[in-house]
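Report on the structure given below.
What follows is calculated from the coordinates using simple rules that are stated; it is not laboratory data. Source: prediction; values computed, not measured. So basically every Cβ, Gly included, is an ideal-geometry build from the backbone, and we count neighbours across all protein chains shown.
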Amino acid sequence: MEKRLTFILTFILTGFILSTHGQEKTIKVWPDKIPGAIENSTLKMEIISNNGWTQAQNVTDPTLDFYPAPKEKSNGTSVIICPGGGYAVLAIDHEGAQIAEWLNSLGITAFVLKYRLPSNAIMVDKSIGPLQDGQEAIRIVRRQSKEWNLNPNKIGIMGFSAGGHVASTLSTHFNYKVYESTDTTSARPDFSILIYPVISMDSTITHLGSRINLLGRDPSSELIKRFSNELQVNKETPPAFLVCSLNDGTVPIQNSINYVMALKKFGVQGELHIYESGGHGYGLGIKNKDTESTWSAACRKWLETRGF
């Protein structure tokens, strides 16, 4: 009986290991010159632990962590993940690697984007640094789609908190020229997934820390409007799935509500799930026991019904 139990446990564990598909490689977003960069040898990327969360800070050389879906499950869809962190750090584990592995389980290839965190010390114009990195990341995946067995028309962008601002900016500013691209590859994502996102720079509903880090302490009204993405939606904006919680004390839910209503105005598909609890920053919600922990199941269904 003991031998049989050992065999069963070994079989289960082996099956789990074989079904888990991790990071394959890291890709430099800018293998040559980084647009608008200011050289600063004093800043180096660091991985730190803060209250049990793994974070990256001082990102000066943006990268894509590549998580290919298992071959037997791969459906050709890919998602680029933008971790949150108030434009000050990147929550690269619970809003990055864990999300990539979940997407892999759905047959979706994932990329975790370690985008540059806006800083006057390393950027000529810090307001467009993350947008530059995100546009090029989408172009990289689209250019390499054949090599990686991906569908160039099924590339999504996903963001958490301030990463949601990156993702929604990419969804509304994909034609905004912020650097000289080497070709005409489109930077438009085909869909977006926005989890407790910062969307607006409007002082009445924004996350102030994210706004200060991106735009400075006294941005112009023009700059505020440009990066208030609910005001930048048009009929070309890709469909979106959004999640937020009523008791989020960090990013007001009006960010998500205003964005989905803007999508509706222009006839773009949008789905918003507002949960009673959860607060902010819960990632997949694997530590939560309330309904917000089920958002991934709702997202999976949304992706399935749209052919992603």
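Would you list PHE266, PHE160 from fewest to most Cβ contacts within 10 Å?
Numbers: PHE266 12, PHE160 30.
With the sparsest Cβ surroundings first, the list reads PHE266, PHE160.
Working from the pairwise distances between different alpha carbons, so that the mean of 1/r is found and then inverted, what is the stretch 24-305's Kirkwood radius in Å? Write down the numbers at each step before the final one.
Numbers: mean 1/r = 0.0540 Å⁻¹.
In the stretch 24-305 this quantity evaluates to 18.5 Å.
At a Cα cut-off below 18 Å, give the aspartates and glutamates reachable from LYS265, other chains included and same-chain residues fewer than 8 away excluded.
The qualifying aspartates and glutamates are GLU230, GLU236.
Could you rank the peptides 102-108, 196-202, 162-168 by their average count of other C-beta atoms within 10 Å per residue, with the highest value first?
Packing proxy ranking, top to bottom: 162-168, 196-202, 102-108.
Counting other beta carbons within 10 Å of each residue's own, what order do ARG142, ARG211 fall into, fewest first? Let's see the in-between values first.
Working: ARG142 21, ARG211 25.
Starting with the residue having the fewest Cβ neighbours, the order is ARG142, ARG211.
Sort THR184, THR26, THR63 so that the residue with the fewest other Cβ atoms within 10 Å of its own Cβ comes first and the one with the most comes last.
Working: THR184 6, THR26 11, THR63 21.
Ordered from fewest to most neighbouring Cβ atoms within 10 Å, THR184, THR26, THR63 come out as THR184, THR26, THR63.
Within the set of other residues whose C-beta is less than 11 Å from the C-beta of THR26, count the net charge using Lys and Arg as +1 and Asp and Glu as -1. Each step should come with its number before you reach the end.
On the way: positive: LYS25, LYS28, LYS114; negative: GLU24, ASP61, ASP65.
Residues close to THR26 contribute a combined charge of 0.
Hey, got the dipole for the chain? About the Cα centre, +1 on K and R Cβ, -1 on D and E Cβ, debye to the nearest 20? Please list the in-between numbers first.
Values: 30 positive and 29 negative charges, 109 e Å.
Charge dipole of the chain: 520 debye, to the nearest 20.
Within the set LYS73/LYS154; LYS177/LYS301; LYS33/LYS126; LYS114/LYS225; LYS154/LYS264; LYS25/LYS301, which residue pairs have Cα atoms separated by over 24 Å? Numbers along the way, then the final one.
On the way: LYS73/LYS154 16 Å; LYS177/LYS301 34 Å; LYS33/LYS126 16 Å; LYS114/LYS225 26 Å; LYS154/LYS264 22 Å; LYS25/LYS301 29 Å.
Result: LYS177/LYS301; LYS114/LYS225; LYS25/LYS301 exceed 24 Å.
For the stretch 157-205, what is the convex hull (Cα atoms) projected area averaged across all directions, in square nanometres?
Across all orientations, the stretch 157-205 yields a mean hull projection of 3.9 nm².
Take the alpha carbon atoms of the stretch 129-173, find their center, do the same for the stretch 189-257, and report the distance between the two centers in whole angstrom.
17 Å
For the stretch 97-207, report the convex hull volume of the alpha-carbon atoms normalised per residue, in Å³, without decimals.
Value for the stretch 97-207: 120 Å³ per residue.
If R₀ is 35 angstrom, what is the calculated FRET efficiency for the pair LEU223 and ALA37, using the beta carbon separation as r and rounding to 0.05? If you can, show how the numbers build up before the last one.
Numbers: r = 21 Å, r/R0 = 0.59.
Step by step, r from the Cβ atoms, then E = 0.95.
Just to confirm my numbers, what's the Cα centroid distance between the stretch 82-110 and the stretch 28-71 in Å?
Their Cα centres are 13 Å away from one another.
Please check: in the Gaussian network model of the chain (C-alpha springs, under 10 Å), which one of LEU117, LEU223, LEU131 has the largest mean-square fluctuation.
Among LEU117, LEU223, LEU131, the largest mean-square fluctuation in the Gaussian network model of the chain belongs to LEU223.
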